[in-house]
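See below for the structure under consideration.
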Amino acid sequence: MVVNKSPNYISPEEYLAGEELSPIKHEYICGQVYAMAGASDPHVTISLNLASALRNHVRGRGCRVYMSDMKAQIETLNIFYYPDVMVSCDQRDRAFQSFKQYPCLIVEVLSRGTEGFDRGDKFGDYQELETLQEYVLISQKRQRVECFRRNPEGLWVLQTYRQGSEIYLASVDFRVSIDALYEDVEFTENESE
């Protein structure tokens, strides 16, 4: 197969080197880079609440929890994304300092500008990661969490959690109340993102 590279093509190596120096984060899709927007207070609060609880849960188990500054590489598609929260329990990921290739859990907090992409193409891309067991989408407009789990047949099954629920993430055998996930989040009628 012949790959037709545009004149603006950036190699993965060039992208990674540039990202080390850039004050702005960029996602990388097949030779093109895309600047990332900042996040709202609810977005950051939800991500931190989940990452903190996950970190406490996996401590001493050989798993690592990463927040939005760590990239997930989908090598088969020539892509690097910045998930909001990611967990890897695979020792092979210790070899990589600026990205991870073998996560078992990826979480995205939805915003108006990214929701369609997070639900569509990005989810499709993440499915290429053979180690990925769960993909979680968290609303910042209301208490709603959608967990897509890969079943033994390789199909993705949706489990939705709403107000009053206890969220279960099988990939790391983790439980948290939805109220704890949304602690200190103030909902407004007009989402700012």
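All of (1) at pLDDT below 95; (2) under 26 Å from Asp173 (Cβ atoms); (3) over 15 Å from the mean Cα position of the chain (by Cα) hold for Met1 with one exception: (2).
When residues in segment 105-132 are screened for being surrounded by fewer than 20 Cβ atoms within 10 Å (Cβ to Cβ) and touching a Cys at 6+ places or on another chain (Cβ under 9 Å), 1 of them pass. The single residue among Asn56, Asn49 that is farther than 20 Å from Glu128 by Cβ, out of contact with any Ser or Thr (no Cβ under 8 Å at 6 or more places or on another chain) and surrounded by fewer than 19 Cβ atoms within 10 Å (Cβ to Cβ) turns out to be Asn56. Restricting Ser98, Ser88, Ser111 to those that are touching an Asp or Glu at 6+ places or on another chain (Cβ under 8 Å) and under 22 Å from Arg64 (Cα atoms) reduces the list to Ser98.
Mind listing just one residue for me: the one in segment 72-91 that is among the charged types (D, E, K, R) and under 21 Å from Leu169 (Cβ atoms) and, of those, surrounded by the most Cβ atoms within 10 Å (Cβ to Cβ)? Out of the qualifying residues, it is Asp84. The set of residues in segment 132-146 that are without any contact (Cβ under 8 Å) to a residue 24 or more places away in the chain and more than 11 Å from Ile167 (Cα to Cα) is empty. Here the condition is being under 17 Å from Tyr34 (Cα atoms), at pLDDT 95 or above and touching a strand residue (DSSP E or B) at 6+ places or on another chain (Cβ under 7 Å); of Gln73, Gln133, it holds for Gln73 alone. Restricting Leu137, Leu169, Leu158, Leu105 to residues that are hydrophobic (A, V, I, L, M, F, W, C), farther than 18 Å from Leu54 by Cα and in contact with an Asp or Glu (Cβ under 8 Å, 6 or more places away or on another chain) narrows the list to Leu158. Looking at segment 20-36, is at least one residue among the aromatic types (Phe, Trp, Tyr), assigned to a strand (DSSP E or B) and within 22 Å of Asp184 (Cβ to Cβ)? No, that holds for no residue. Can you tell me which residue within segment 13-40, out of those that are of a type in the set (D, E, K, R) and touching a residue at least 60 places away in the same chain (Cβ under 8 Å), is surrounded by the most Cβ atoms within 10 Å (Cβ to Cβ)? The residue in question is Glu19. Go through the residues of segment 80-93 one by one and say whether even a single one is out of contact with any strand residue (DSSP E or B) (no Cβ under 6 Å at 6 or more places or on another chain), touching a residue at least 12 places away in the same chain (Cβ under 8 Å), among the basic types (Lys, Arg) and over 22 Å from Gln32 (Cα atoms). No; the residues of segment 80-93 include none that is out of contact with any strand residue (DSSP E or B) (no Cβ under 6 Å at 6 or more places or on another chain), touching a residue at least 12 places away in the same chain (Cβ under 8 Å), among the basic types (Lys, Arg) and over 22 Å from Gln32 (Cα atoms). Look at segment 147-161: where a residue is over 16 Å from Ile106 (Cβ atoms) and surrounded by fewer than 10 Cβ atoms within 10 Å (Cβ to Cβ) and a partner is modelled with pLDDT of 95 or more and among the β-branched types (Val, Ile, Thr), sitting 6+ places away or on another chain with Cβ atoms under 8 Å, you get Asn151/Val157.
The values are calculated or read from the model by the stated rules, or taken from the named source; none is laboratory data. Treat the numbers as computed from the prediction; the structure is a model and nothing was measured. Cβ atoms come from the backbone with ideal geometry, glycine included; neighbour counts cover every protein chain shown.
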